[in-house]
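To start, the structure itself, in structure tokens.
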């Protein structure tokens with residue numbers, strides 16, 4: 001599941017899809033109540049914390065420790081601005097149960113790439129040292145939005161991360177819920193870099209096809225409201241209910257996708273739907 005623990009962020013990227021939000025200061029406030037709800041969640045889950053920027057959440061380390069203490073794995077999407085001390089606190093709170101750390105490279109805030117690469121390499125090594133040997137090894141990747149301003153630099157940046165042994169992924173820029181109108185040449189450049197998060201596709205469509213989102217994956221916001229998936233949340237459809245309610249329940253199996261464009265690769269990467277169909281039938 002993906003939990004947007006706050007709307008607050010210390011960055012204001014020009015291309016951010018959340019930059020028009022009226023309230024950029026919200027955060028999940030009742031930590032004990034949220035942890036109690038996670039304790040009622042059947043099974044063991046990978047809980048991917050995002051925001052906003054999750055590391056600015058006032059009780060972030062407490063959330064991580066509580067979730068890992070319940071037996072869940074904790075992943076995170078971060079702009080990677082947190083200090084080394086904060087990252088060390090996160091590793092300790094994870095208790096060896098950290099899954100994936102996805103570090104977003106925002107070039108508007110990173111004038112010198114070398115310290116970012118070194119920090120990513122350090123964190124990747126530190127996660128391996130702290131990992132529970134009985135669990136799959138933790139992973140670290142770096143992502144970067146393929147804005148038109150960034151596109152020419154991305155092959156060189158990808159090569160630097162490859163040389164450092166850090167997985168690098170690109171993501172298409174989105175505005176008003178959809179991928180921007182890239183030219184054919186720009187789309188070729190993005191595909192040469194692996195497409196959206198190395199899926200080989202820029203835009204995915206599963207319209208009408210069975211998907212396990214809502215049953216084995218869901219979205220949770222900072223207020224405790226749960227939705228089947230990111231497109232469902234954006235369109236305010238397929239609301240699963242209040243996660244904090246003791247009667248909260250997930251769907252019981254796969255259901256048809258209702259959306260022309262699936263803009264999140266989390267369930268895609270975890271095999272929750274059939275093979276991707278490019279939007280429009282072509283990559």
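Taking region 163-208 as the search range and keeping residues that are assigned to a strand (DSSP E or B) and touching a helix residue (DSSP H, G or I) at 6+ places or on another chain (Cβ under 7 Å), which one is surrounded by the fewest Cβ atoms within 10 Å (Cβ to Cβ)? Among those that are assigned to a strand (DSSP E or B) and touching a helix residue (DSSP H, G or I) at 6+ places or on another chain (Cβ under 7 Å), it is 205. Evaluation of residue 246 against the conditions (1) at pLDDT 95 or above; (2) out of contact with any strand residue (DSSP E or B) (no Cβ under 6 Å at 6 or more places or on another chain); (3) more than 21 Å from residue 43 (Cβ to Cβ) shows that the sole unmet condition is (3). Please verify whether region 249-259 includes one or more residues that are under 15 Å from the mean Cα position of the chain (by Cα), over 18 Å from residue 35 (Cα atoms) and either at pLDDT below 95 or surrounded by 14 or more Cβ atoms within 10 Å (Cβ to Cβ) (or both). The answer is no, given that none of the residues of region 249-259 is under 15 Å from the mean Cα position of the chain (by Cα), over 18 Å from residue 35 (Cα atoms) and either at pLDDT below 95 or surrounded by 14 or more Cβ atoms within 10 Å (Cβ to Cβ) (or both). The single condition from (1) in a helix (DSSP H, G or I); (2) touching a residue at least 40 places away in the same chain (Cβ under 8 Å) that residue 140 fails is (1). When region 215-225 is limited to residues that are out of contact with any strand residue (DSSP E or B) (no Cβ under 6 Å at 6 or more places or on another chain) and in a loop (DSSP other than H, G, I, E, B), the one that is surrounded by the fewest Cβ atoms within 10 Å (Cβ to Cβ) turns out to be 223. The residue list 63, 135, 107 contains one member that is surrounded by 18 or more Cβ atoms within 10 Å (Cβ to Cβ) and outside any strand (DSSP E or B), which is 63.
All of 185, 175 fail the test of being modelled with pLDDT of 95 or more and under 28 Å from residue 112 (Cα atoms), apart from 185. Annotation for region 267-277: no member residue is at pLDDT 95 or above, in contact with a strand residue (DSSP E or B) (Cβ under 8 Å, 6 or more places away or on another chain) and outside any strand (DSSP E or B).
Would you confirm whether or not region 228-238 contains a residue that is at pLDDT below 95, crowded, with 19+ Cβ neighbours inside 10 Å and touching a helix residue (DSSP H, G or I) at 6+ places or on another chain (Cβ under 9 Å)? Yes, region 228-238 contains a residue that is at pLDDT below 95, crowded, with 19+ Cβ neighbours inside 10 Å and touching a helix residue (DSSP H, G or I) at 6+ places or on another chain (Cβ under 9 Å). State the number of residues belonging to region 10-56 that are touching a helix residue (DSSP H, G or I) at 6+ places or on another chain (Cβ under 7 Å), in a loop (DSSP other than H, G, I, E, B) and modelled with pLDDT of 90 or more. Residues in region 10-56 being touching a helix residue (DSSP H, G or I) at 6+ places or on another chain (Cβ under 7 Å), in a loop (DSSP other than H, G, I, E, B) and modelled with pLDDT of 90 or more: 1 in total.
The values are calculated or read from the model by the stated rules, or taken from the named source; none is laboratory data. Computed from a prediction, not measured in an experiment: that's the story for all the values here. Every residue, glycine among them, receives a Cβ derived from its backbone with ideal geometry; neighbour counts consider all protein chains shown.
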